[in-house]
Every structure is written in C-alpha cells, then in structure tokens.
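Student: Structure below; questions to follow.
The values are calculated or read from the model by the stated rules, or taken from the named source; none is laboratory data. All of these numbers come straight from a predicted model, not from anything done at the bench. For neighbour counting, all protein chains shown are included, and Cβ atoms are generated from backbone atoms with ideal geometry for every residue, glycine included.
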Amino acid sequence: MVAAIDAAYMCVDGYQIARDEKRRQREAGVFIEGLQYGEVKASAFATALSWCQPQPGESFIDLGSGTGSRQRFEMRVALRLAAHA
C-alpha cells in the first residue's frame with residue numbers, strides 16, 4: 001500500500017509547489033505569513049509527534065492535505081509499531 005502511494009506522488013515536488021505559491025501570493029500582495037500551504041518534513045513531524053507522547057490504543061487523525069509525504073511517513077510508523085505490538 002505504501003509503495004502504491006509513493007509511486008503516485010513520485011514526480012510531485014510539494015516543496016516546489018509551496019515555494020511557487022508563496023512567491024505568487026507575495027507578488028499579488030496577499031501573502032500572510034504562516035497561513036499558506038507547505039509540506040512538512042518527516043523529521044519535523046516526528047519531533048511534533050514525540051511531543052504528544054502517543055500511547056497504545058490512542059488515535060491520530062491527519063486532516064491535512066498535500067502530496068501525501070506525511071501520510072506515507074505515518075503509515076510506515078504505524079506499520080512498524082504494529083509489527084512490534
């Protein structure tokens with residue numbers, strides 16, 4: 001399943017999409033810092049998740065959007081956790 005999602009987004013550069021959109025918004029005078037779309041790097045997401053100290057039986061619901069990089073990371077973590085349960 002993770003491989004299929006990886007393949008679907010292989011050619012999508014979410015970081016470049018975010019940079020281009022921020023540039024376009026700045027040029028249009030509508031850029032507001034912190035309110036624009038941007039990809040979250042796996043390392044930053046892992047740090048934020050560690051602050052939550054997730055426990056067995058708890059749920060995490062991702063309501064975000066984007067290229068799916070965070071979701072693929074989450075799936076790998078969940079599969080690893082399930083393998084060690």
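Student: Would you please name the residue that is farthest from Val77 (Cα to Cα), looking only at residues in segment 13-58 that are part of a loop (DSSP other than H, G, I, E, B), at pLDDT 80 or above and hydrophobic (A, V, I, L, M, F, W, C)?
Tutor: The residue in question is Val30.
Student: For Thr67, all conditions in the list (1) surrounded by 14 or more Cβ atoms within 10 Å (Cβ to Cβ); (2) of a type in the set (Val, Ile, Thr); (3) at pLDDT 75 or above hold save one; what is the number of the exception?
Tutor: (3) is the only condition that Thr67 fails.
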